[in-house]
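This report concerns only the one structure given below.
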Amino acid sequence: MFWEAIGSVLLGLALSWAALHRLADRLPQRRTVLVTGVLGALFGALVTHAALGPGYVLGTLLGAAVISAVLLSLLIRPAGRRLRRSAAA
C-alpha cells in the first residue's frame, strides 16, 4: 500500500501540473489545484484499493488517476462568461 500511495501522489501532482499548464486561466489558485490533485489521487487510491483488494497495483493507480481527474475537472471555471450586475440594484 505504501508504494501505491507514493505512486498516487505522483500521479496527482502530474495531473494537477498538466491542468495548471493547459488551463491556467480557468483554474483557481495554484496551491488549490495542486492540493486537490494530490488529495483526490490519494482518496481514489484508497477507494480503489478497498474495492479491488491487495495485488492490483495498476488498477489502484488507474482509480487514483480517474478520481483525481474528476476532482480537478470540478475546479474548472467556464471560459469567457463573466457575471455582470445590474446598475439599478
Label-point separation, residue 51 to residue 31 (7 Å along Cα→Cβ), nm: 3.3
Debye, to nearest 20: dipole size of the chain, +1 on Lys, Arg Cβ, -1 on Asp, Glu Cβ: 760
Answer label for log10 I(q)/I(0) by the Debye sum over Cα atoms at q = 0.11, 0.12, 0.15, 0.25 Å⁻¹ (calculated), chosen among (1) -0.36, -0.41, -0.56, -1.08; (2) -0.40, -0.45, -0.60, -1.14; (3) -0.28, -0.33, -0.51, -1.37: (1)
Per-residue HN-Hα couplings for region 56-68 [Karplus 6.51, -1.76, 1.60; θ = phi - 60°; Hz; x = Gly/Pro]: 10, 5, 5, x, 5, 5, 5, x, 5, 5, 5, 5, 4
Contour minus Cα-Cα distance for residue 24 and residue 79 (0.36 nm per residue): 18.7 nm
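Read the figures in this text as sums done on the coordinates, not as results from a lab. Please read all numbers here as calculations on a predicted model, not as lab measurements. So basically every Cβ, Gly included, is an ideal-geometry build from the backbone, and we count neighbours across all protein chains shown.
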